[in-house]
Amino acid sequence: MILHKGEILFRQGDDGSFLYHIKSGLFKVTRLHENGNMVLFNILYPGETVPHHSLISPKEIHGTAIALMRSEVEAIPAQSWYRELQDNPQKPLEVAELLQEKVRFMQERLDHLTVGTPAERLELLSKWLNRHAHGVPLTEYLTQEEIGQLIGVRRETVNRLLRGHHKE
């Protein structure tokens, strides 16, 4: 299926009837907390099968995935996925590889968060996202608030960094 910018792939609280293999595009995953705080906590990219926490057993959806650009996704009925997991001896290895890839991604993102200055973090995020965004500037699909959440700074800092970057 094709989703366009702003369309929702799944919602926080959904029952998890489907898993999704991302063929192209990017998604942001947000979570609304009980106190009303909305937090961007993940970026989904091509090659991933999600939700990650349901690759082995079903669980209610943890956040809402929103397309950041035109994206292609294969919807996989959860029951078919779990049946194949039991019946196909190669499927558990496939799941392990998917989870390993996500752990490596998280390690890379943690490295990006712990590197020196906010400007360096913004540059690393931009380079990483550009691998999947095909040259579309990150400000076209993420707000300054969301960029700040991804690099661990306030929106005002992102604004200042972007203004400084445009002057160069």
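The values are calculated or read from the model by the stated rules, or taken from the named source; none is laboratory data. No experiment lies behind these values; they were computed from the predicted model shown. So basically every Cβ, Gly included, is an ideal-geometry build from the backbone, and we count neighbours across all protein chains shown. These accessible areas exclude ligands, DNA and RNA; they are computed on the full protein's heavy atoms, side chains included. Shrake-Rupley method; radii C 1.70, N 1.55, O 1.52, S 1.80 Å.
Taking the conditions exactly as written (at pLDDT 95 or above, open to solvent by 90 Å² or more (accessible area, probe 1.4 Å), of a type outside the set (D, E) and farther than 21 Å from L150 by Cβ), does K23 satisfy them or not?
Considered against the rule, which asks whether it is at pLDDT 95 or above, open to solvent by 90 Å² or more (accessible area, probe 1.4 Å), of a type outside the set (D, E) and farther than 21 Å from L150 by Cβ, K23 comes out as yes.
Filter the range 99-126 down to the residues that are of a type in the set (G, A, S) and surrounded by fewer than 13 Cβ atoms within 10 Å (Cβ to Cβ) and list them by number.
Of everything in the range 99-126, just one residue is of a type in the set (G, A, S) and surrounded by fewer than 13 Cβ atoms within 10 Å (Cβ to Cβ), namely G116.
Among the residues that make up the range 110-117, is at least one of them free of Cβ contacts under 8 Å to residues at least 24 places away in the same chain, within 15 Å of the chain's Cα centre (by Cα) and under 13 Å from Y20 (Cα atoms)?
Taking every residue of the range 110-117 in turn, none turns out to be free of Cβ contacts under 8 Å to residues at least 24 places away in the same chain, within 15 Å of the chain's Cα centre (by Cα) and under 13 Å from Y20 (Cα atoms).
So which residues in the range 61-98 are touching a helix residue (DSSP H, G or I) at 6+ places or on another chain (Cβ under 9 Å), assigned to a loop (DSSP other than H, G, I, E, B) and open to solvent by 40 Å² or more (accessible area, probe 1.4 Å), if there are any at all?
The answer is H62, N88.
If I filter the range 50-78 down to residues being among the polar types (S, T, N, Q) and modelled with pLDDT of 95 or more, which single residue comes out as farthest from S17 (Cα to Cα)?
Filtering the range 50-78 for residues that are among the polar types (S, T, N, Q) and modelled with pLDDT of 95 or more, the one farthest from S17 (Cα to Cα) comes out as S71.
Could you list, in sequence order, all residues of the range 125-168 that are farther than 18 Å from V115 by Cβ, more than 17 Å from the chain's Cα centre (by Cα) and polar (S, T, N, Q)?
Of everything in the range 125-168, just one residue is farther than 18 Å from V115 by Cβ, more than 17 Å from the chain's Cα centre (by Cα) and polar (S, T, N, Q), namely N159.
For the range 32-47: of the residues being in a loop (DSSP other than H, G, I, E, B) and at negative phi, which is surrounded by the most Cβ atoms within 10 Å (Cβ to Cβ)?
Among those residues, the one meeting the criterion is Y45.
Scan the range 139-161 residue by residue and report those that are open to solvent by less than 20 Å² (accessible area, probe 1.4 Å) and assigned to a helix (DSSP H, G or I).
I147, G148, L150, I151, V158
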